[in-house]
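Every number here is computed from the coordinates shown, using simple stated rules; none is lab data. Predicted model only: the values in this text are computed from it and were never measured. Here the Cβ is made from the backbone with ideal geometry for all residues, glycine too, and neighbour counts use every protein chain on show.
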Amino acid sequence: MTLKGNLKDFDLGDLLQLLHMSNKNGALKINSSSGSATIYVENGIIKHVECSETEGEVAMAKIMQWKEGLFEFLPGNSSSKSTINLPIPNLLLDIARKIDEWKVVEKVIPSFESIFEIEPNPDTDVDEIELTPNEWKILSRVDGNKSIKEIAMSLSMDQFETAKIFYGLATSGLIRIKQKESPVKQEKKEKKEDRKDRGFRGFFRRKK
């Protein structure tokens, strides 16, 4: 019997629990108005998830918020990638936590494609700020050009965890989201900042 239907009629969490309890091997394909995704399952354990250009738990968190979409389970389909490798019940609990956290983070960070820049005139007393090693790594790569996703990939860090650090740095007043500007205004701004640039690295102390 083919397992297929619409997420309007079947809760995705219940569907995944069914795959877990029956120790299924294959791929769950989903097509919705929000995008397309594939969840690879091996012996009832999710091994890999793809959704648009995202993978792993980040992709899974996106999919878990879909309320509609056609799905079909394809037995025997597999992937050589392994981005999750967690029993489905454990993964669902972790994803629920991430979704709750993301609802807070997205108030400052619209997406993983967001680009941030150093705040030139922070309200925070930067002399008193101590950064963790990961915060320092990320802050040192904030240049107004790279997205959160690109910085996470360059550091081999989880995108969601990277976004949470960006959230902390932004709410602390150390960085700000980059606004799109006209070419002429951008050129004037770059010349002005070149004259004023003192380098931010001397502002902070690294935690030992």
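Obtain the nm distance between the two label points defined at Leu155 and Ser172 by a simple spin-label model: each point lies 7 Å from its Cα along the Cα-to-C-beta direction.
1.1
Where the eigenvalues come from the Cα gyration tensor of the stretch 4-105, what are the semi-axes √(5λ) of the equivalent ellipsoid, largest first, in whole Å?
In descending order, the three semi-axes are 19, 16, 13 Å.
Which order do Leu86, Leu169 fall in if you start with the one that has the fewest other Cβ atoms within 10 Å? Don't skip to the end; give the middle numbers.
Working: Leu86 16, Leu169 22.
Fewest to most other Cβ atoms nearby, the residues stand as Leu86, Leu169.
Most exposed first by the Cβ proxy, i.e. fewest other Cβ within 10 Å, how do Tyr40, Tyr167 rank? Kindly include the intermediate steps, with their values, before the conclusion.
Values: Tyr40 23, Tyr167 19.
Listed from fewest to most nearby Cβ atoms, that is Tyr167, Tyr40.
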